1. In the stretch 137-161, which residues are of a type outside the set (D, E, K, R), open to solvent by 80 Å² or more (accessible area, probe 1.4 Å) and either under 14 Å from Gln125 (Cα atoms) or not in a helix (DSSP H, G or I) (or both)?
2. Could you list all residues from the stretch 64-78 that are open to solvent by 40 Å² or more (accessible area, probe 1.4 Å) and either modelled with pLDDT of 95 or more or closer than 30 Å to Asn295 by Cβ (or both)?
3. Which fully enclosed helices (runs of 4 or more DSSP H) of the stretch 278-343 have 1 or more residues being among the hydrophobic types (A, V, I, L, M, F, W, C), open to solvent by 40 Å² or more (accessible area, probe 1.4 Å) and under 20 Å from Asn40 (Cα atoms)?
4. Being of a type outside the set (Lys, Arg) and open to solvent by 70 Å² or more (accessible area, probe 1.4 Å) is the filter here; which residues of the stretch 236-248 pass it?
5. Within the stretch 206-220, restricting attention to residues that are free of Cβ contacts under 8 Å to residues at least 24 places away in the same chain and either of a type in the set (Lys, Arg) or open to solvent by 40 Å² or more (accessible area, probe 1.4 Å) (or both), which residue is nearest to Pro54 (Cα to Cα)?
6. Which residue pairs have Cβ atoms closer than 6 Å, lie 6 or more positions apart in sequence or on different chains, and pair a first residue in the stretch 92-111 that is open to solvent by 40 Å² or more (accessible area, probe 1.4 Å) with a second residue that is among the charged types (D, E, K, R)?
7. Would you be able to tell me the number of residues in the stretch 173-191 that are open to solvent by less than 20 Å² (accessible area, probe 1.4 Å) and under 24 Å from Ser138 (Cβ atoms)?
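The values are calculated or read from the model by the stated rules, or taken from the named source; none is laboratory data. Everything numeric in this text was worked out from a predicted model, so none of it was measured. Note that each Cβ is placed from the backbone with ideal geometry, even for glycine, and that neighbours are counted across all protein chains shown. Each accessible area value is taken on the protein alone, full model and side chains, heavy atoms only, with ligands, DNA and RNA left out. Shrake-Rupley method; radii C 1.70, N 1.55, O 1.52, S 1.80 Å.
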Amino acid sequence: MERDFLFKYVISLFNEKTCVTTRQLKLIATAKRTPSVLFNVEKNKLYALFGLFPEMTEKKWEKLSMFLVSNDLLALQDEHLVLTEKGIKSKTAFSDQFPVINHLNQLSYYGTLPLFFNRMIFVTQVLSEYSFRNKNYSPFLSSVNEQRKLKQWLIEQKLPMNSLTSNWAAELKAMLKTLPTEEADFISAHFTGYDVYGETSRQLQERYGFSKEEYRVRLQQFNYKITLLEPTQYPLLSALLKDTHKECHEGLSHSANITKQLLEKGKGIDDVARMRKLKVNTIREHILECVLILNWPYFKRYISREKYAACRALLNKKPKLQYAEAKNVVEDLDFFVFRLVEIERTRRNGQIIEKSGI
């Protein structure tokens with residue numbers, strides 16, 4: 001039964017156009033951040049899978065894939081997994097019982113949300129203990145650095161502690177009311193406060209009969225719901241999320257984030273490469289990372305209008321066009337340009353309308 005959830009969840013992330021190898025699934029699930037892996041996430045719309053199972057081995061993915069294929073839920077086409085008619089029915093039945101959130105923004109938030117969740121619990125503990133005037137407790141977050149950051153965040157809210165405590169409690173209560181009862185109970189069981197001790201992930205897995213993978217999926221799906229809350233109705237939760245997201249470079253690698261900041265100050269690709277003592281191709285990969293993770297809208301500054309127009313016209317005529325063929329038609333066509341136009345077209349046709357946070 002535990003295993004069934006993982007099988008059904010993986011199926012629920014497939015669509016009629018998903019075509020991916022077992023190894024690609026593993027690289028996506030472990031949050032491999034190369035442009036090729038990120039493009040596979042985009043092409044196959046596997047946003048919710050990104051970084052979800054970092055410890056799951058390729059051997060386990062192979063067993064999972066073999067089971068799904070042997071049960072006619074997926075089929076193999078040139079070593080790539082595709083959804084079957086039976087798989088579509090399974091996906092629909094599972095999604096009716098467990099609505100799955102699978103959005104582009106999950107790429108950006110995959111690293112932010114686990115940290116935010118822990119900080120949310122710690123803020124709750126601090127304010128709960130304060131309300132009972134208890135200073136003798138073991139902090140939920142043991143890192144002294146994290147404790148300092150959260151205490152500074154509380155100061156930056158510029159509210160009296162009594163108001164902060166009551167407002168925070170009101171937001172948590174309102175947020176939990178938006179959830180189904182069982183999910184609200186599951187999330188509430190994590191919280192620690194005065195004379196209340198949250199349960200560990202292992203304890204919750206045992207109590208609810210969840211596998212490690214199911215527990216992780218359920219927590220991830222809840223965390224992403226936090227990003228969809230209206231900031232005006234949840235100002236404190238939204239502020240904590242925003243600050244945590246910024247600290248996590250909005251999902252970018254540290255190096256790509258530095259490149260993004262320099263580019264947004266008007267520096268060119270060659271200038272940034274020279275300043276950072278990196279190869280030009282590395283800066284281009286950073287741009288691809290920005291586009292794939294943040295839907296960064298400024299990439300057109302770094303490609304010629306002629307190459308953009310020619311490449312776009314080719315892909316409109318032949319959507320499955322490969323770079324090897326395209327470069328024979330468009331003189332001096334760089335793979336960087338081809339991939340950027342390909343990403344833009346994929347998202348336009350997929351009706352992805354999320355905007356960058358820039």
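1. Ser138, Ser142, Pro160 - these are the residues of the stretch 137-161 that are of a type outside the set (D, E, K, R), open to solvent by 80 Å² or more (accessible area, probe 1.4 Å) and either under 14 Å from Gln125 (Cα atoms) or not in a helix (DSSP H, G or I) (or both).
2. Within the stretch 64-78, the first condition is being open to solvent by 40 Å² or more (accessible area, probe 1.4 Å), and the residues that meet it are 66-67, 69-72, 76-78.
Met66, Phe67, Val69, Ser70, Asn71, Asp72, Leu76, Gln77, listed by residue number.
3. Working: elements: 280-294, 305-317, 323-329.
Qualifying helices (runs of 4 or more DSSP H): 323-329.
4. Within the stretch 236-248, the subset of a type outside the set (Lys, Arg) is 236-241, 243-245, 247-248.
Of everything in the stretch 236-248, just one residue is of a type outside the set (Lys, Arg) and open to solvent by 70 Å² or more (accessible area, probe 1.4 Å), namely Glu247.
5. First pass over the stretch 206-220, keeping only residues free of Cβ contacts under 8 Å to residues at least 24 places away in the same chain: 206-208, 212, 215.
Now restrict to residues that are either of a type in the set (Lys, Arg) or open to solvent by 40 Å² or more (accessible area, probe 1.4 Å) (or both): 206-208, 212.
Values: Glu206: 21, Arg207: 24, Tyr208: 23, Lys212: 12 Å.
Once the filter is applied, the top-ranked residue is Lys212.
6. That search, which allows pairs on different chains as well, returns Asn105/Glu354.
7. Counting residues in the stretch 173-191 that are open to solvent by less than 20 Å² (accessible area, probe 1.4 Å) and under 24 Å from Ser138 (Cβ atoms) gives 4.
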